1. Find out how many positive minus negative residues lie around Asn246, taking Lys and Arg as positive, Asp and Glu as negative, among other residues whose Cβ is under 12 Å from that of Asn246.
2. Which value in deg cm²/dmol, rounded to the nearest 500, describes the helix-derived mean residue ellipticity at 222 nm for the chain, given -39,500 (n - 2.57) per DSSP H run of n ≥ 4 and division by the residue count?
3. Ile167 to Asn246: extension gain in nm, 0.36 nm per residue of separation minus the Cα-Cα distance?
4. What FRET efficiency, computed as 1/(1 + (r/R0)^6) with R0 = 35 Å and r the Cβ-Cβ distance, is obtained for Trp92 and Arg64, rounded to the nearest 0.05?
5. Report the chymotrypsin sites (Phe, Trp or Tyr not before Pro) located in the range 205-248 that are in a DSSP loop and have at most 10 other Cβ atoms inside 10 Å of their Cβ, or state none.
6. Which order results if Met161, Met260 are arranged by neighbouring Cβ count within 10 Å, fewest first?
7. Pull out a ≥ b ≥ c, the square roots of the eigenvalues of the alpha-carbon gyration tensor of the range 217-289, then state rounded if a/c is under 1.5, prolate if not and a/b is larger than b/c, and oblate in the remaining case.
8. Out of the range 211-291, which GluC sites (Glu not before Pro) are coil in DSSP terms and have no more than 13 other C-beta atoms within 10 Å?
Amino acid sequence: MKIFNHNSKLNTQEIIDKITNQNITLKYTSFIVGLFLISLAFNIFYSPYNIVTGGASGISIIFRELININPSITIGIVSLIAIIISFLFLEWHTTKKTLVGSILFPIFVEGTAFISNYIDIGNTSILLLMIYGGVLTGIGNGLILKTGFTNGGLIVFAQIMHKYLKISLGKANLIINSTIVILGSFIFGIPNLLYAIITNLIMSYFTDRILLGISDSKTFYIITEKEEIIKEFIINKLHHSAVIINSQGGYKNQKQKTIMSVIPTKEYFIVKEVIQELDPQAFFLITDAYEVEGGS
């Protein structure tokens, strides 16, 4: 399907909107499932043990302790304020991606609250429970972010910081959530802070895995004086393709060639050891390759 006309002026936002609108049923299904999972994790793992992991849900746990207000009400109020601010300071195409989540997330939190009454966790270690919660939330966040939407709340303030203060979105999120987690530690203590940190690390890992998938290949960038020998090894011995890139050193401005090749992860150590054996002076960079398409 043709996304845009090459003869017309390139409009990246139109391209993004076009892609976002494809498979709309699947996107909304993933979005709903993601909201359900993070709401479930909140009510089963975080809320009963006062684990403040950040975001509007973290604020709701703090406010419940301070003024005994229902968490879903706090989340709803925070989300409403965030949406109003988003309308004032951000573009419509950004605001609409948080609008649905801001409305639905507090509803899902309230709607899944009863489930914790039917799940007997018993004497299960809190650390183990936080691992489960981190996995569940990470999967939920990944499903939501894959749709291009968000669950609303404090992400709006991160977007504003990104727009006006030129701070990266990831760093802005980190600043906001870290502040909430630290505030939670003053109320619930250092042990809960440590549980929150562990949960966030697990959450982040599984969010990335859902977004990017599991890397089953490695990309090698190799700068070597034994270019022909290494290229022959990759192509004729391992039967993988290789691309030769003309490059130039930044220090001496010396022209050189860089070999780029995508290698299955199971052959990673073999290729690494052979390169070092063929040319001990070779410089190479190895990165994860999550998706490889095209080529001959």
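Each reported figure results from applying straightforward, stated rules to the coordinates on display, with no laboratory input. The structure presented is a predicted model; accordingly, all values stated were derived computationally and were not measured. Here Cβ is always computed from backbone atoms with ideal geometry, including for glycine, and neighbour counts include all displayed protein chains.
1. Result for the neighbourhood of Asn246: +1.
2. Result for the chain: -19000 deg cm²/dmol, rounded to the nearest 500.
3. Additional length available on full extension: 25.0 nm.
4. So the FRET efficiency works out to roughly 0.55.
5. Numbers: sites: Tyr205, Phe206, Phe220, Tyr221, Phe233; in loops: none.
Passing sites in the range 205-248 do not exist.
6. Ranking Met161, Met260 by Cβ neighbours within 10 Å, fewest first, gives Met260, Met161.
7. In terms of gyration-tensor shape, prolate.
8. Listed in order of number, the matching sites are Glu225, Glu291.
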